[in-house]
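In what follows, a single structure is set out as structure tokens and then discussed.
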Amino acid sequence: MVTEIDLRSDTVTRPVPAMREAMAAAPVGDDVYSEDPTVNAVEARVAALVGKEAAMLVSSGTQGNLVSLMTHCQRGDEYIVGQYYHSYRHEAGGAAVLGSIQPQPIPVQDDGTLALADIRAMIKPGDAHFARTRLLALENTWSGRVMPEEFLAGAQQLAREEGLGVHLDGARLFNAAIASGVTVDRLAGYADSVSLCFSKGLGTPIGSIVAGSAEWVARARRWRRIAGGGMRQAGIVAAAMDYALDHHVARLAEDHERARGLAAGLETISGVHAVTVHTNMVHLDVGSDTVGDALRERLAQEGIRIAGGRHIRLVTHLDIDDAAIDAVLDRIGSWLPRLGY
Ligand SMILES: *Cc1c(COP(=O)(O)O)cnc(C)c1O
């Protein structure tokens, strides 16, 4: 039985034994009464880390974005968002379904940013024909890409001029900070609220955090309750997040390094049409869906899991070491030239 190598996503990591021990040992209380000491400590730690007054544990990144959008926007309000951003495209329409918030999606540029002119053009006039444009939703990293700071500064300036709030989906904000050398509080400082995922590459089984002003988080607690995210002895989860902050953030640099190594190796393989790499994500073009699907099937038989299709996203993470990268390059190098292109 070969060891499984799973490159489909950085969500597949499992808690390491020491993280499980920290979870088992965590002091807990009822977090809906704000009485879980481990949750309270992690919320305070993350608030300080991202430079916000307060923070709140949520069960998932999707719940964090939903609660954030509902805290910024009321029924009949609108948020402007990239059409390929998670908070529009990958959250099952939750903002519209549960929040009665109108999304205004706009194109995403190749570097993951939005064109400021596109944002401005979509802000609605303030009369009764229109939804009230309230919020700009950003995402850093997007598809592994780190948002340039000049864009973040420009978007913040625009939002201030137009009276919009800014929410940053920072599911992988630690990756952006590590890759750019810019601190997370500086990156989060361009937004009024930020959400962070601890189950993306950081190895926790569950858990996300949203942060913002104390007043904003107090209102967000009500929406979290409505969204079913008021958890009880959640210190078990918060302890895993605390462990991840201590042990799994700085090492994200290794994931980025391995992604670069993987990309460099892939470029030498015949049958590879194009490769790009950003932070911990490698995008591989194998020319057709048929080839990509056949490659997925072949590798699966050898204990290597990848997504199929023509454009394959390979994601490095905590459970991918140098030997795994070598094995993947060896097996793709063996199969891809034989699958035809
Ligand atoms: C994964 C992810 C989320 C949240 O997803 P969950 O599956 O709910 O944890 C939000 N935004 C981005 C950019 C993500 O990659």
Original post:
For the stretch 25-47, what are the residues that are in contact (Cβ under 8 Å) with a residue 24 or more places away in the chain and in a helix (DSSP H, G or I)?
Top reply: 25, 31, 32, 37, 38, 39, 41, 42, 43, 45, 46, 47
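Restricting the search to the stretch 132-158, which residues are in contact with a Lys or Arg (Cβ under 6 Å, 6 or more places away or on another chain) and open to solvent by 10 Å² or more (accessible area, probe 1.4 Å)?
133
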**OP:** Kindly indicate whether residue 58 is under 18 Å from the mean Cα position of the chain (by Cα) and at pLDDT 95 or above.
**Re:** yes
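Say we look at the stretch 292-304 and pick out the residues that are touching a Gly at 6+ places or on another chain (Cβ under 9 Å) and over 22 Å from residue 259 (Cβ atoms); which of these is most open to solvent (accessible area, probe 1.4 Å)?
Our first condition is that a residue be touching a Gly at 6+ places or on another chain (Cβ under 9 Å); within the stretch 292-304, this holds for 292-297.
With over 22 Å from residue 259 (Cβ atoms) added as a condition, the list becomes 293-294, 297.
Details: 293: 58, 294: 35, 297: 94 Å².
Within the stretch 292-304, the match that is most open to solvent (accessible area, probe 1.4 Å) is 297.
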Original post:
Does residue 229 fit the bill of being touching a His at 6+ places or on another chain (Cβ under 8 Å) and assigned to a loop (DSSP other than H, G, I, E, B)?
Top reply: no
Original post:
Taking the stretch 256-271 as the region of interest, how many residues are in contact with a helix residue (DSSP H, G or I) (Cβ under 7 Å, 6 or more places away or on another chain) and more than 27 Å from residue 176 (Cα to Cα)?
Top reply: 3
Original post:
If you check 262, 299, which single one turns out to be within 23 Å of residue 172 (Cβ to Cβ), at pLDDT 95 or above and of a type in the set (A, V, I, L, M, F, W, C)?
Top reply: 262
Subject >> Residue that is farthest from residue 277 (Cα to Cα), among those in the stretch 133-165 that are among the hydrophobic types (A, V, I, L, M, F, W, C) and away from the ligand (no atom under 16 Å from the Cβ) >> reply: 164
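Residue-wise test of (1) closer than 23 Å to residue 185 by Cα; (2) open to solvent by 20 Å² or more (accessible area, probe 1.4 Å); (3) touching a strand residue (DSSP E or B) at 6+ places or on another chain (Cβ under 7 Å); (4) free of Cβ contacts under 8 Å to residues at least 12 places away in the same chain.
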position: 205; (1), (2), (3), (4): no, yes, no, no
position: 217; (1), (2), (3), (4): yes, no, yes, no
position: 224; (1), (2), (3), (4): no, no, yes, no
position: 236; (1), (2), (3), (4): no, yes, no, no
position: 247; (1), (2), (3), (4): yes, yes, no, no
position: 261; (1), (2), (3), (4): no, yes, no, no
position: 272; (1), (2), (3), (4): no, yes, yes, no
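The values are calculated or read from the model by the stated rules, or taken from the named source; none is laboratory data. Just so you know, these numbers come straight off a predicted model, no measurement behind them. Because the Cβ atoms are built from the backbone with ideal geometry, glycine has one as well, and the counts that use them run over all protein chains shown. To get the accessible areas, we keep the full protein, side chains included, count just its heavy atoms, and leave off ligands, DNA and RNA. Shrake-Rupley method; radii C 1.70, N 1.55, O 1.52, S 1.80 Å.
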